[in-house]
Amino acid sequence: MPRKNKPLKLEDVKVSCTNCSLSDLCLPHGMEEGELAELDKIVKHHAPLQPGQHLYHPGDSSRSLFAVRSGALKNYCITENGDEQVLGFTLPGELIGLDGMADGRYYSAAMTLETTSVCEMPFDSLESLCMKLPGLNRQLMRVASKEISADQQMLLQLGKRTAEERLAAFLLSLSRRYHSRGLSATEFNLPMSRQDIGNYLGLAIETVSRLFAHCVDEGLLRVSRKSITIRSLPQLQAMVDGCRGKSAADPD
């Protein structure tokens, strides 16, 4: 007979804010031990989500803010024509669900790209705790401001850029984000598909594939399926700065 899987216990998935390795990136950053204990009380922990599962869909009643503990998610919306538009990707230590704080509904969708664990913070409990803990309220505003700033910076990077410069800016952004998590800035996995990357950057999937191949031929990248090695960060930055001349592919 096939062996039954052991039931998942809460202690197998629960990681408190006080001992989480991502606390310096997430809401607990700068909070006192007593404040962390209060935050721990409202955080809900669930079994890991499998690839392709959704935290929420557009139009769903908003209930919580989520902090990603491991894995990655794709944030997207559906256009009036029924097309999917990728808005960004959420990595460990980052928050998702901020758009649900406005008027009680999520405007976008959040789908897991790989096995993902999140910490759920119900909006009503979080709001009450923010009134009790000024430090948490300030940190929440800091995180929200950081998210807006990151989005603006990425829009600036993508605006009026060649296709090659867009991809270089995207890879550099991921490099910095992984590095801030204590991981390698030059060797990491891309949890998102080439199609998702193209959608996000406004490029056809064929253009994305051609650009990756060009970067490999130029010795800038080493690519093995989803594994990426950046062989020269300065050269990649030079591409973003437009110092390499004409792009290998015209922007779509």
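Length gained on full extension, Asp217 to His179, computed as 0.36 nm times the residue gap minus the Cα-Cα distance: 11.1 nm. Stokes-Einstein diffusion for the stretch 169-224 at 4 °C, viscosity 1.567 mPa s, with a Kirkwood radius from C-alpha pairs, works out to 108 µm²/s. Only lysine pairs 8 or more places apart or on separate chains count here, and in the stretch 130-246 those with Cα atoms under 28 Å apart total 6. With an a/c value of 1.5 or above and a/b larger than b/c for the gyration tensor axes a ≥ b ≥ c computed over the alpha-carbon atoms, the stretch 134-247 is described as prolate. For the stretch 93-104, backbone phi angles converted through the Karplus equation (6.51, -1.76, 1.60; θ = phi - 60°) give residue-by-residue couplings of x, 9, 9, 9, x, 4, 5, x, 7, 6, 9, x Hz, Gly and Pro being listed as x.
In whole Å, what is the distance between the alpha-carbon centres of the stretch 204-224 and the stretch 129-190? Cα centroid of the stretch 204-224 versus Cα centroid of the stretch 129-190: 23 Å apart. Here the stretch 27-88 is described by how far its Cα atoms reach on the three principal axes: 49, 22, 21 Å, from widest to narrowest.
Bear in mind that the values in this text are calculations on the coordinates, not laboratory data. Quantities reported herein were computed from a predicted structural model and do not represent experimental measurements.
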